[in-house]
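This structure is in structure tokens; I'll ask about it shortly.
Please treat every number below as a calculation from the coordinates, not as lab data. Just so it is clear, the model here is predicted, and its values are computed rather than measured. A quick note on method: Cβ atoms are made from the backbone with ideal geometry, for glycine too, and the neighbour counts reach across all protein chains shown.
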Amino acid sequence: MPDTLYPWQEENWRSLQQLRSRLPHAILFYGPQGIGKTDFAESFAKSLLCEAPQADGHACGACIPCGWFAQYSHPDYRRVRPEILVEEAGSDDEDGEVAESPKPKGKGKAPSKDIRIDQIRALADFLNISTHRQGQRVILLHPAEALNRESSNALLKSLEEPPSNTVFLLVASNPGRLLPTILSRCRKFALTMPSQKDALAWLQKEGVQDAEMWLAEQGGAPLAALALSQTGSRAALDQLLAHLAKPGVDAALKTAESLQKEPVVDLVSWTQRWLYDLFSFKLSGRIRYYPGYRKQLSALAAQAETGRLLQALKAANERRAVAEHPLSARLFIEDMLLDYSQVFS
Ligand SMILES: [Zn+2]
């Protein structure tokens, strides 16, 4: 976890300090995906637990609680996140995790993408004993959209009657997917998208080649741009874009077959952005995500009716909502690409 904020978060940090004097029981940090919301919330958690915070609100980094926090072993801090994120993070930072119910071992069961009800129930002991350092008790939940109905309802009980000195920090990219009853009990705090200049400067410092292209493709979200630039999915993206630029029924089947091992969620997101660019180009001549494809986008926009494009965008948004668990990745992608080719027929 970074000890300092990302450069574009300084302003947000300053306004957050105003909440300190009368700290809400629950704060929901929300904003676009890939801008560092969880790191921001974690910096805040650390500063709440620090025994000698600095004048600007940052944790000192030198006291005992700060040391514990850095090791994820602060007794008054818990992180709650889906099992799948714990697995991705590896075993180096599993302390401070809410004790899980016995893991389904040996069944080959995929790690859960939800924050499950037993993870929320496991907080009960933590919430009922007094804090170790006579200070705050902090629970970070991310992403809050991973709360399902059951776990949301279990959490609601704690949000309705919060134990004293307890702060829940929730992080969400799509707050609209949270239960309204949860939303209404959180103080909402918006984290803003960095300017293109700040985001580019940061990516270049991180050593990303072609930073401008990655950033545009991720809609201006620098952490998402960095992540994609570091994974091998460039080839998949290029292949998908090449197909979208030259749609066709036969090509759709072939492309779906060769992309079936790629994360479906990414493929749908990229297609959504492509459709958005087509739509935006048709209406205003502007391209947000794929400026490198201006020629192809302009030719396709001329062939497509606005109404059909809108329909396709709507269908892509619906697909995105169910892309986490497709029964067959290949059929799912095939269906999406065939639908797409209809826009131009
Ligand atoms: Zn400290």
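Over 25 Å between Cα atoms: which of Lys197/Lys282; Lys37/Lys197; Lys205/Lys261 fall into that group? Working shown, then result.
On the way: Lys197/Lys282 27 Å; Lys37/Lys197 19 Å; Lys205/Lys261 32 Å.
In this structure, Lys197/Lys282; Lys205/Lys261 exceed 25 Å between Cα atoms.
What full-extension length gain, to one decimal in nm, is calculated for Thr192 and Ala62 as 0.36 nm per residue of separation minus the Cα-Cα distance? Please report the intermediate quantities before stating the final value.
Values: separation 130, 0.36 × 130 = 46.80 nm, distance 2.94 nm.
Between Thr192 and Ala62, full extension yields 43.9 nm more.
For the range 170-216, compute Rg over Rh where Rg is the Cα radius of gyration and Rh is the Kirkwood radius from the inverse mean 1/r over Cα pairs.
Working: Rg = 15.9 Å, Rh = 13.2 Å.
Rg/Rh for the range 170-216 comes to 1.20.
What's log10 of I(q)/I(0) for the chain at q = 0.15, 0.16 Å⁻¹, Debye sum over Cα points only, no solvent?
-1.31, -1.41
Further, regarding this structure: Just to confirm the number: angle between the C-alpha axis of helix 196-205 and the first principal axis of the chain, 0 to 90 degrees, nearest 10?
80
Follow-up. Hey, how many Å between the Cα centroid of the range 288-345 and the Cα centroid of the range 1-51?
Using only Cα atoms, the two centres lie 36 Å from each other.
Do you know the relative contact order of the chain, to the nearest whole percent, from alpha carbon pairs under 8 angstrom that are 6+ apart?
This gives 18 percent for the chain.
Something else now. Order these by the 10 Å Cβ neighbour count, fewest first: His243, His132. Display every interim value, and only then the final one.
On the way: His243 22, His132 12.
In order of increasing Cβ crowding within 10 Å: His132, His243.
Report ³J(HN,Hα) in whole Hz for each residue of the range 45-56, in order, from the Karplus equation J = 6.51 cos²θ - 1.76 cosθ + 1.60 where θ = phi - 60°; Gly and Pro get x.
4, 4, 5, 5, 8, 5, 8, 9, x, 6, 4, 7
Can you list the HN-Hα couplings for the range 249-262, worked out from phi with the Karplus curve (6.51, -1.76, 1.60; θ = phi - 60°), rounded to whole Hz and with x for Gly and Pro?
With the stated coefficients, the range 249-262 comes to 5, 4, 4, 4, 5, 5, 5, 4, 5, 7, 9, 5, 8, 7 Hz.
Against the longest principal axis of the chain, how steep is helix 264-284, in degrees 0 to 90 to the nearest 10, with axes from Cα atoms?
Taking the Cα atoms of the chain, the angle to 264-284 is about 60 degrees.
Between 0 and 90 degrees, rounded to the nearest ten: what's the tilt of helix 306-322 against the longest Cα principal axis of the chain?
Orientation of helix 306-322: about 40 degrees from the principal axis.
Taking amide H positions as placed 1.01 Å from N in the peptide plane, with prolines and chain starts having none, which residues 5 or more places from Thr166, or on another chain, fall under 5 Å of its amide H?
Arg137
Moving on. Quick check on the range 115-206: what does the Kirkwood estimate of hydrodynamic radius come out to from the alpha carbon pairs, in Å?
Details: mean 1/r = 0.0663 Å⁻¹.
It is 15.1 Å.
Could you go through the range 188-195 in sequence order and give the Karplus-derived ³J(HN,Hα) for each residue, using 6.51 cos²θ - 1.76 cosθ + 1.60 with θ = phi - 60°, rounded to whole Hz, and x for Gly and Pro?
Listing the rounded values in order: 8, 10, 7, 9, 9, 5, x, 5 Hz.
Tell me the net charge near Phe332. Cut-off is 13 Å between Cβ atoms, Phe332 excluded, with +1 for each Lys or Arg and -1 for each Asp or Glu.
Working: positive: Lys261, Arg319, Arg320, Arg330; negative: Glu257, Glu262, Asp266, Glu318, Glu324, Glu334, Asp335, Asp339.
After counting each charged neighbour, the total is -4.
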